[in-house]
1. Need the C-alpha centroid separation for the stretch 88-124 versus the stretch 220-260, integer Å.
2. Please check: in the Gaussian network model of the chain (C-alpha springs, under 10 Å), which one of 133, 256, 275 has the largest mean-square fluctuation.
3. Compute the angle between helix 103-112 and the longest alpha-carbon principal axis of the chain, please, reported from 0 to 90 degrees and rounded to the nearest 10.
């Protein structure tokens, strides 16, 4: 099998941006792609559109459907086939495979080598790659029928994992729908309206400044939770940080308990998670608000209320402020108000969510397994082992 530089296998065409100050160039009927449109392996619609006049008076080019579109700035490492005729901006390049290269084989090759292209990206603020870097990428080139066989296998594996991810998304939306049905659509005005401060027994952030320094972290001991423990609004173990038992005695008041609610208040503001029952002894950093609840409210209800009640979401999003890093202060969280349904309704909701969470966990494990399988197939495909 020969190894050929990409530049010998494709024709490359660039793009451009019409003058944004000229309204005659925009909101026409010609799709105009940018990195915003890389949501999957296909581009079938674009956020922005330009007019024929905008196309004619700019460096933008009309790219016929079936090219491979790759970013050379901002989203280096991604690749997609355009399913429609479209124009592209200057951060994208359109690759037109020559007859000896199958386009789907090329798509999978570029996606598999995305991390390699990312590593070669340079730039102080916005990282990008040059055309020379793109052209010099070495492509294993088996016979055309073999390329098509490999592409078909990878297409099938990719389709399986996409379907599983779509199922996972539907399960997540189902959780939102259950909350909306029970507590928003059928909200009872007789339910007491309470601030978060009134339904919690303790609300606190973690130690500030010299109370806890990075130099005091050790390899084992008492866990320290941060914003990376609330990912996709679920509790995850991110980077493991620990302090000594001696240090913990100084910071015991910041202890995180099972079933506490943690909210990110710096960086990724408003992400929320329920601390699991099997949490070891741990404290939280200053980047988290930690809420211990009273007996009249259950963690699954408050967690869902924070994340899914429209008015709560708006307040968390709008009120996050900060010149360098957006942040939520404790006053914002404490003053948030919501209707508190009877405990029996909360319990029924929590039981429903527990069943859904088990299904979601199993589905997520399947997604992880399919991702690992796909990565293995990609590696084998471009090393002559598939």
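1. 41
2. Sorting by GNM fluctuation, first place goes to 133.
3. In the chain, helix 103-112 runs at an angle near 40 degrees to the longest axis.
FYI, it's all coordinate maths here, none of it is from the lab. In this text, all values refer to a predicted model and were calculated from it rather than measured experimentally.
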